[in-house]
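**Student:** Pasting a structure here, questions to come.
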Amino acid sequence: MKPQILIVENGCQYTALIATALQELEVGAVILPPEHVEVYLRTHTPKGIILSGSGASVYEENAPSPPQSIFTRCIPILGICYGMQWIAHTNGGTVEPIQKAKRYGPGRVRLDTSNILFEGINVQQDVWESHGDTVTKLPSSYRLIGKSTHSDTPVAMSFDHLKIFALQFHPEVPETKCGRQILKNFAFEICGCTRDWTPDNQVCDIQERAMEEIGPTDIVIAPYSGGVDSSLVLALLAPLLGKRLFAMTLDGGQLGYREIEEIIRHRKLIGLPHHEIVEVRDELLRALRNIVDPQKKRHAFRDVYVRAITAFARRHGKPRHIVLLQGTLWPDRIESGVIKDHHNIGIQIPGVRNIHPLDTLFKYQVRGIGRALKLPPSITERPPSPGPGNTVRIVDQAVTKEKQDMVAWADHEVKTILRHHGHYDNISQLVVAIGCRSVGVKGSKRSYGHMVMVRPVVTTTFMTSRPYSIPEDVQDEIIARVTQHDALNRVLFDRTPKPPGTTEYE
């Protein structure tokens with residue numbers, strides 16, 4: 001099935017959200033870097049082109065630059081953020097740095113709803129911004145179709161005759177409430193797309209792409225956490241691979257309370273032919289000894305992870321015929337090496353090939369496909385946890401067995417209380433972490449214990465998030481229960497959105 005929309009990737013962390021939003025509209029899209037666009041257009045004629053945002057400035061020496069020939073192909077174009085700046089700069093407009101403060105987060109705009117791009121939405125809209133430069137003068141023949149309510153700077157422009165449109169804000173993120181309607185108008189009213197993208201198509205596409213990379217005699221090794229990502233990729237491929245598939249779960253004390261029992265239940269539900277629990281707790285604690293820096297913790301976990309997989313692979317296959325199958329998602333790829341390293345990205349094991357069949361998807365898409373496959377809610381709705389688990393929820397201090405057990409206990413107690421009061425299912429991810437120690441009072445005596453940070457967030461993409469409000473009486477119950485632990489004497493509730501925060505602390 002041919003993609004209908006070409007998305008030019010200029011280096012924005014939200015780019016895959018554009019493709020995701022289009023898939024929700026049942027419109028397929030392909031993402032390409034600027035340098036591949038010209039070659040692609042020689043043999044393909046998409047119905048529309050979207051230019052993504054970027055952290056770059058159009059004035060930088062190596063700034064992303066799509067081919068200017070896209071303006072002569074009579075294909076509708078939508079520029080987003082940097083895409084708008086590039087269109088303006090390329091066609092004679094003016095782009096300038098924002099003098100007072102860069103725009104990161106919520107904004108409010110006034111739109112010209114007579115324009116086809118904004119059909120069906122209200123004049124004033126709350127949107128999401130993320131840019132350091134802005135267009136201050138439109139190119140010739142372009143007209144203003146949107147401006148900021150607080151500064152009158154342009155936030156949208158169009159060249160209607162050539163069907164070229166541009167936005168300074170991000171319609172692809174959930175925080176821009178009118179964003180889906182804008183993308184819907186562009187796809188259907190402007191580009192003339194048809195609905196041809198469904199979950200069934202995604203299932204077939206994932207299976208076909210994976211089996212193209214896996215040879216007929218290859219042995220497949222799969223790390224298995226019991227969560228929705230690894231469960232889905234194994235549920236999709238286990239029937240095709242049969243006894244060639246060997247799954248393993250790493251137990252280094254980083255897992256949650258009684259999580260191994262849940263993983264064993266899930267492996268039976270998805271029908272894994274081979275599965276082993278690999279015990280590495282002592283090895284992991286030795287690797288983490290005296291390490292405080294979060295990136296070094298992740299690297300230490302990854303080293304243990306790679307050694308365990310290497311040994312597991314040698315027991316079950318021969319070099320050059322082993323494939324490492326992982327449930328990596330698109331946000332992992334975006335964040336790795338930029339915000340934080342991910343243990344499953346960039347692994348190099350001699351004689352082992354890596355495949356990531358889900359790495360164009362977001363968490364909520366994976367959940368949707370899992371539901372379509374009739375996987376149980378204990379899998380499809382399971383909250384995510386980082387690969388290193390409790391290792392990165394012991395904040396700004398070295399990891400020990402006692403601290404691993406402490407954070408696992410606190411996490412379980414908080415979840416139990418939230419479930420009891422009917423709040424847990426409303427939260428996209430709950431992060432319970434322990435931090436530095438502080439003075440407290442217990443039994444009229446001085447105590448010196450750890451803080452517990454409770455971070456409940458709501459998100460669909462995990463690229464942005466907002467805090468979930470826990471009622472005060474439930475907070476009081478959490479505080480009372482958690483501080484019963486001898487080593488814990490303070491509970492903090494974190495309401496920082498992403499950005500500027502991240503979902504996890506480290």
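**Student:** Taking a ≥ b ≥ c as the square roots of the eigenvalues of the Cα gyration tensor of the chain, is the shape rounded (a/c under 1.5), prolate (a/b larger than b/c) or oblate?
**Tutor:** Working: a/c = 2.08, a/b = 1.38, b/c = 1.50.
Because a/c hits 1.5 or more and a/b fails to exceed b/c, the chain counts as oblate.
**Student:** Additional query: Provide the packing ranking of 79-85, 251-257, i.e. peptides ordered by the mean count of other C-beta atoms within 10 Å per residue, highest first. Don't skip to the answer; put the middle values down first.
**Tutor:** Numbers: 79-85: 28.6, 251-257: 21.1.
Packing proxy ranking, top to bottom: 79-85, 251-257.
**Student:** Next question, about the same structure. What's the extension gain from R195 to H412 if we count 0.36 nm per residue and subtract their Cα-Cα distance? Don't jump to the answer; show the numbers that get you there.
**Tutor:** Values: separation 217, 0.36 × 217 = 78.12 nm, distance 4.35 nm.
Gain on stretching R195 to H412: 73.8 nm.
**Student:** At a 1.4 Å probe radius, which order do K445, K363 fall into by accessible area, largest first? Before the final figure, lay out each step's value.
**Tutor:** Values: K445 145, K363 25 Å².
Solvent-accessible surface, decreasing: K445, K363.
**Student:** Remind me, relative contact order of segment 1-86 in percent, using alpha carbon pairs under 8 angstrom and six or more residues apart?
**Tutor:** On the way: 148 pairs, mean separation 30.6, N = 86.
It rounds to 36 percent for segment 1-86.
**Student:** So which of K374/K403; K147/K184; K297/K445; K415/K498; K296/K498; K403/K442 end up more than 28 Å apart, counting from Cα to Cα? Intermediate values should be presented prior to the final figure.
**Tutor:** On the way: K374/K403 37 Å; K147/K184 21 Å; K297/K445 35 Å; K415/K498 22 Å; K296/K498 23 Å; K403/K442 20 Å.
Cα-Cα > 28 Å for K374/K403; K297/K445; rest within.
**Student:** Shifting gears a bit: Taking segment 366-455 on its own, what percent of its Cα-Cα pair distances exceed 16 Å?
**Tutor:** Details: 2547 of 4005 pairs.
Result: 64 percent of Cα pairs exceed 16 Å.
**Student:** Additional query: Counting heavy atoms of the protein chains only and a 1.4 Å probe, report the per residue accessible area for the chain as a whole number of Å². Show your work: numbers first, answer last.
**Tutor:** Working: 22120 Å² over 506 residues.
For the chain, the per-residue accessible area is 44 Å².
**Student:** So, one more: Once both labels are modelled 7 Å past Cα along the beta-carbon direction, what's the E283-H161 spacing in nm?
**Tutor:** 6.8
**Student:** Can I ask one more? Within the chain, what whole-number % of the accessible surface is contributed by carbon and sulfur, with the 1.4 Å probe and all protein chains included in the calculation? Write down the numbers at each step before the final one.
**Tutor:** Values: 11080 of 22120 Å².
Using a 1.4 Å probe with all protein chains present, the chain comes out at 50 percent carbon and sulfur.
**Student:** Give me the one-decimal Kirkwood hydrodynamic radius in Å for segment 1-103, with the sum taken over alpha-carbon pairs. Mind showing how you got there, number by number?
**Tutor:** Numbers: mean 1/r = 0.0704 Å⁻¹.
Final number for the Kirkwood radius of segment 1-103 is 14.2 Å.
**Student:** Per-residue ellipticity at 222 nm for the chain, helices alone: DSSP H runs ≥ 4 residues times -39500 (n - 2.57), over residue total, nearest 500 deg cm²/dmol? The partial results should precede the final answer.
**Tutor:** Numbers: 14 runs with 157 residues, N = 506.
Mean residue ellipticity at 222 nm (helix-derived): -9500 deg cm²/dmol.
**Student:** Quick one: compute the contact order of segment 99-206, relative version, from alpha carbon pairs under 8 angstrom and 6+ residues apart, as a percent. Mind dumping the intermediate values first?
**Tutor:** Details: 173 pairs, mean separation 26.7, N = 108.
It rounds to 25 percent for segment 99-206.
**Student:** For E96 and D126, FRET efficiency with R0 = 25 Å and r from the beta-carbon atoms, rounded to 0.05?
**Tutor:** Details: r = 25 Å, r/R0 = 0.98.
That pair, D126 with E96, gives E of 0.50.
**Student:** Quick check on segment 132-185: take the gyration tensor over C-alpha atoms, sort the square-rooted eigenvalues as a ≥ b ≥ c, and tell me if it's rounded (a/c under 1.5), prolate or oblate. Walk me through the intermediate numbers first.
**Tutor:** Working: a/c = 2.25, a/b = 1.20, b/c = 1.88.
Since a/c reaches 1.5 but b/c is at least a/b, the shape of segment 132-185 is classed as oblate.
**Student:** What distance in nm separates the simple spin-label points at R110 and N62, each placed 7 Å from Cα in the Cβ direction?
**Tutor:** That separation, rounded to one decimal, is 4.3 nm.
**Student:** Here is a further query. Compare the peptides 48-54, 17-23, 177-183 by average per-residue count of other Cβ atoms within 10 angstrom and give them in order, highest first.
**Tutor:** On the way: 48-54: 26.4, 17-23: 24.1, 177-183: 20.4.
Peptide ranking by packing, descending: 48-54, 17-23, 177-183.
**Student:** Considering Cα pairs under 8 angstrom that are at least six residues apart, work out the relative contact order of segment 352-472 and quote it in whole percent. Please list the in-between numbers first.
**Tutor:** On the way: 126 pairs, mean separation 25.3, N = 121.
It rounds to 21 percent for segment 352-472.
**Student:** Still on this structure, please answer the following. Which of the trypsin sites (Lys or Arg not before Pro) across segment 181-219 are loop residues per DSSP, with 15 or fewer other Cβ within 10 Å? Please list the in-between numbers first.
**Tutor:** Details: sites: K184, R195, R209; in loops: R195.
Of the trypsin sites (Lys or Arg not before Pro), the ones in loops of segment 181-219 whose Cβ has at most 15 other Cβ atoms within 10 Å are R195.
**Student:** Pop out the ³J(HN,Hα) list for segment 485-495 in order, Karplus 6.51 cos²θ - 1.76 cosθ + 1.60 with θ = phi - 60°, rounded to Hz; leave Gly and Pro as x.
**Tutor:** With coefficients 6.51, -1.76 and 1.60, one gets 5, 4, 9, 10, 9, 8, 10, 10, 10, 9, 10 Hz.
The values are calculated or read from the model by the stated rules, or taken from the named source; none is laboratory data. Computed from a predicted structure; not experimentally measured. In this analysis, Cβ positions are derived from the backbone assuming ideal geometry, glycine residues included, and neighbour counts consider all displayed protein chains. The area values use the complete protein model at the heavy-atom level, side chains included, leaving out ligands, DNA and RNA. Shrake-Rupley method; radii C 1.70, N 1.55, O 1.52, S 1.80 Å.
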